[in-house]
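Working notes, structure below.
The values are calculated or read from the model by the stated rules, or taken from the named source; none is laboratory data. These numbers come from a predicted model, not from an experiment. Don't worry about glycine lacking a Cβ; one is built from the backbone with ideal geometry, like all the others, and counts go over all protein chains shown.
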Amino acid sequence: MIRAELIQRRRDFTLDVAFESAGPVLGVFGHSGSGKTTLLHALAGLTRSERARVHVKGEVLSERPGGVSLAPERRGLALVPQEPLLFPHLSIRENLTFARGAAREFAGEHGAKVLDVLRLRDLLDREPETLSGGEKQRVSLGRAWLSRPRMLLLDKPAASLDADLAREVVALLMHAKRELDVPMVFVTHRPSELIALADDCIVLEAGRIVAQGAPLEVLSKPKALGLARLVGIDNLMELAVVRHDAEAGLTLLDLGGGAELATPLCEVRAGATTSVGLYAEDIILCRELPGATSARNNLAGVVVAVDPIGHEVLVTLSVGRIELQARVTPGAARELGLEVGQPAFALIKTTACHHLH
Amino acid sequence: MWTPEETQVVFLALRVALTVVAVALLPGLGVAWVLARWESRWSLLLRGVVMLPLVLPPVVTGYVLLRLFGRRSALGELWFAVTGNHIAYTTAACVLAAAVVGFPLLVESMRLSLAAVDPRLEAVSRTLGRGPWATFRSVTLPLAWPGVVAGAVLAFARALGEFGATIVLAGNIEGETRQIPVAVYTLLNQPGSTAAVTRLTLVSVALSLAALLAAAWFGGRRQRRFAG
């Protein structure tokens with residue numbers, strides 16, 4: 001799908017990468033400042049590179065030095081920036097039909113599909129400034145898709161949105177990936193998005209590729225584990241394997257104090273330790289145990305901290321010999337009466353526990 | 001009462017000011033775009049040259065233009081070859097003087113509004129298949145439009161009030177180069193013309209005020225739609 005070699009030297013930063021990927025979705029992972037956006041802009045031809053060989057779907061977009069270098073408008077690589085950046089002087093309909101040839105697309109079958117998948121029909125006659133962040137991002141995606149690009153360049157499309165909207169955008173992207181059949185290069189700093197969307201991924205650090213492969217495989221490398229800590233998997237734990245239950249598809253890990261964490265079946269032998277990552281938003285807190293649920297983990301613990309952070313509340317729960325951080329809304333924290341010293345249960349789906357080895 | 005000469009003065013002034021805007025608009029937009037988007041030592045130098053008439057005494061600007069476009073200069077000969085006339089003491093000289101003096105105001109207003117357009121919007125436009133010119137026309141210009149209009153209005157108003165450079169380059173020829181400020185100055189030296197001076201002064205105030213109000217209106221108004 002894409003083959004690229006890029007060298008871009010700036011006074012304080014050098015991007016030097018070479019990669020090849022069959023896609024259809026190539027994830028670009030790394031913390032801020034690692035060169036992810038620089039890479040996208042270089043692919044799009046928006047910045048000058050000392051060396052730029054870019055081949056997409058067999059087409060030569062750039063062959064520098066020595067060869068052609070198509071202008072951005074001729075590359076067919078539509079950019080979806082982190083902030084939606086709608087054209088403020090145009091209505092939503094005009095934004096969507098902005099791209100070359102998009103008016104025709106808009107009226108056709110493909111356009112109808114884009115409008116449905118991204119749920120844009122009700123927004124058409126609105127003005128950009130009246131839209132919420134999530135709506136704007138949907139329009140930005142639709143605008144890019146309606147340009148019939150060879151490939152989409154997505155620059156952290158969910159990063160400026162709060163957790164719920166970010167998840168919604170990722171869900172839309174997954175839906176769109178199935179429905180609309182456009183390859184993508186997808187930049188993110190969230191491992192969950194990488195796992196959800198990318199078929200293949202590269203990890204950038206200081207302008208260089210430090211790992212490439214399938215997302216889960218790449219994320220499980222020690223190097224990426226350090227990276228994950230930097231970019232916010234909230235709960236990272238080194239835990240000993242108690243036993244495997246192949247029939248139930250579980251590997252049980254020791255939390256101390258008799259508590260166990262059920263995780264997806266892994267290959268680490270019993271007695272050895274393994275790394276597990278768990279997002280704070282994937283933990284459900286409750287005061288009393290509900291009836292039967294699909295969550296394999298109902299862990300009893302004690303609240304040791306309640307920290308309001310922006311529009312969210314970070315609750316720290318002591319379970320066994322570890323502490324789990326859970327993210328809830330202020331409303332939920334109030335309703336549950338979560339206070340330091342109170343007992344609470346953590347409900348965790350097995351699949352929310354990511355093995356990082 | 002109102003005399004035909006005064007009508008002539010006012011209409012000549014309006015004609016010159018409108019011509020100034022028509023002639024300076026596109027070059028001004030081009031220079032403003034270069035200054036807003038290119039950062040280098042050269043753009044700093046260009047900015048200095050463009051801004052010079054704003055700080056030079058207008059009479060000096062007029063003298064510089066007289067030397068540049070005079071009979072024995074290369075530009076003067078070029079002008080003669082094209083039009084068959086010498087530029088000094090013609091209506092064209094009025095336009096030239098007012099255009100040069102008003103150019104910094106025009107450029108600065110346009111530069112500020114062009115610089116305020118988010119370059120990332122232009123980048124997105126390019127990746128959506130719109131070339132540099134189409135992007136300028138459909139993204140940059142509409143968003144900078146209030147400043148572009150305000151710049152044109154300022155140049156128009158400045159042309160109406162131009163005196164120093166005009167008197168040196170174009171002189172004071174009735175029906176040819178005598179506009180409102182020069183006419184007022186001339187009348188002030190003639191006894192018994194207080195009423196005429198007052199009339200021209202009122203017209204001048206009214207036109208300038210109208211231009212400034214128009215500038216404020218366009219500057220404050222967010223351009224929602226843009227034809228083309």
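In this structure, B:SER43 does not satisfy being over 30 Å from B:GLY171 (Cβ atoms), touching a Gly at 6+ places or on another chain (Cβ under 9 Å) and assigned to a helix (DSSP H, G or I).
Exactly one residue out of B:ALA144, B:ALA157 is under 21 Å from B:LEU106 (Cα atoms), touching a Ser or Thr at 6+ places or on another chain (Cβ under 6 Å) and within 14 Å of chain A (Cβ to nearest Cβ): that is B:ALA144. Residues in segment A:68-92 that are more than 8 Å from chain B (Cβ to nearest Cβ) and either in contact with a Phe, Trp or Tyr (Cβ under 8 Å, 6 or more places away or on another chain) or on the phi > 0 side of the Ramachandran plot (or both): A:LEU90 alone. Taken over segment A:324-341, the criterion of being surrounded by 15 or more Cβ atoms within 10 Å (Cβ to Cβ) and more than 24 Å from A:ILE195 (Cα to Cα) is satisfied by A:ALA332, A:ALA333, A:LEU336, A:LEU338. The single condition from (1) under 18 Å from the mean Cα position of the chain (by Cα); (2) under 25 Å from B:SER138 (Cα atoms) that B:VAL117 fails is (1). For A:SER294, indicate whether it is of a type in the set (S, T, N, Q) and farther than 27 Å from A:GLU193 by Cα. So A:SER294 does not fit the description; no. Taking the listed residues A:ALA99, A:ALA112, the one that is aliphatic (A, V, I, L, M) and either at the interface with chain B (Cβ under 10 Å from one of its Cβ atoms) or within 30 Å of A:SER62 (Cβ to Cβ) (or both) is A:ALA99, with no other qualifying. For segment A:1-12, residues that are hydrophobic (A, V, I, L, M, F, W, C) and surrounded by fewer than 20 Cβ atoms within 10 Å (Cβ to Cβ) total 1. Can you name every residue in segment B:101-126 that is among the hydroxyl-bearing types (Ser, Thr, Tyr) and within 16 Å of B:LEU52 (Cα to Cα)? Across segment B:101-126, the qualifying residue is only B:SER109. If the condition is being modelled with pLDDT of 85 or more and in contact with a Leu (Cβ under 7 Å, 6 or more places away or on another chain), then segment A:281-295 contributes A:ILE283, A:ILE284, A:LEU285, A:CYS286, A:ARG287.
Applying the criterion of at least 2 residues that are buried (at least 22 other Cβ atoms within 10 Å of the Cβ) to the strands (runs of 3 or more DSSP E) found wholly in segment A:13-130 leaves A:25-29, A:51-56, A:59-64, A:77-80. The conditions of being over 24 Å from the mean Cα position of the chain (by Cα), at pLDDT below 90 and either of a type in the set (D, E, K, R) or closer than 30 Å to A:ASP162 by Cα (or both) are met by A:GLY111.
Filtered by the rule that a residue be closer than 26 Å to B:PRO146 by Cα and under 28 Å from the mean Cα position of the chain (by Cα), segment A:74-92 gives A:GLU83, A:PRO84, A:LEU85, A:LEU86, A:PHE87, A:PRO88, A:ILE92. For segment B:191-204, check the following and say yes or no: at least one residue is over 17 Å from B:LEU12 (Cβ atoms), more than 12 Å from chain A (Cβ to nearest Cβ), touching a Leu at 6+ places or on another chain (Cβ under 7 Å) and surrounded by fewer than 21 Cβ atoms within 10 Å (Cβ to Cβ). Scanning segment B:191-204 turns up at least one residue that is over 17 Å from B:LEU12 (Cβ atoms), more than 12 Å from chain A (Cβ to nearest Cβ), touching a Leu at 6+ places or on another chain (Cβ under 7 Å) and surrounded by fewer than 21 Cβ atoms within 10 Å (Cβ to Cβ). Taking each residue of segment B:114-134 that is over 13 Å from A:ALA78 (Cα atoms) and facing chain A (nearest Cβ under 7 Å) and looking for partners that are modelled with pLDDT of 95 or more and surrounded by 14 or more Cβ atoms within 10 Å (Cβ to Cβ) with beta-carbon atoms closer than 7 Å, six or more apart or interchain, yields nothing. Against the list (1) surrounded by fewer than 17 Cβ atoms within 10 Å (Cβ to Cβ); (2) in contact with a Phe, Trp or Tyr (Cβ under 8 Å, 6 or more places away or on another chain), the condition B:LEU54 fails is (2). Take the conditions (1) touching a Ser or Thr at 6+ places or on another chain (Cβ under 7 Å); (2) at pLDDT 85 or above; (3) more than 30 Å from A:GLU179 (Cα to Cα); (4) surrounded by fewer than 17 Cβ atoms within 10 Å (Cβ to Cβ); A:HIS244 misses just one of them, which is (4). Every listed requirement among (1) touching a Pro at 6+ places or on another chain (Cβ under 9 Å); (2) touching a residue at least 60 places away in the same chain (Cβ under 8 Å) is met by A:GLY320 save one, (1). Pairing residues of segment A:73-101 that are over 25 Å from A:ALA166 (Cα atoms) with residues that are at pLDDT 90 or above and among the acidic types (Asp, Glu), at Cβ distances under 8 Å and at least 6 apart in sequence or on separate chains, gives A:ARG100/A:GLU73. Count of segment B:102-120 residues, restricted to those that are surrounded by fewer than 21 Cβ atoms within 10 Å (Cβ to Cβ) and either polar (S, T, N, Q) or over 22 Å from B:VAL31 (Cβ atoms) (or both), is 1. Answer yes or no: is there a residue in segment B:78-101 that is farther than 24 Å from B:GLY48 by Cα, surrounded by fewer than 23 Cβ atoms within 10 Å (Cβ to Cβ) and either at pLDDT 95 or above or basic (Lys, Arg) (or both). No, that holds for no residue. Residues that are away from chain B (no Cβ under 14 Å) and not in a strand (DSSP E or B): does segment A:143-152 have at least one? No: segment A:143-152 contains no residue that is away from chain B (no Cβ under 14 Å) and not in a strand (DSSP E or B). Selection of first residues in segment A:38-67 that are within 14 Å of chain B (Cβ to nearest Cβ) and of second residues that are outside any strand (DSSP E or B) and polar (S, T, N, Q), restricted to Cβ pairs under 7 Å at least 6 apart or on distinct chains, gives the following pairs, ordered by first then second residue: A:HIS41/A:THR47; A:ALA42/A:SER49; A:ALA44/B:THR127.
This table checks each residue for (1) in contact with a Gly (Cβ under 9 Å, 6 or more places away or on another chain); (2) under 30 Å from B:SER193 (Cβ atoms); (3) charged (D, E, K, R).
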| residue | (1), (2), (3) |
| --- | --- |
| B:LEU12 | yes, yes, no |
| B:GLU39 | no, no, yes |
| B:GLY48 | no, no, no |
| B:PRO53 | yes, no, no |
| B:LEU66 | no, yes, no |
| B:GLU108 | yes, no, yes |
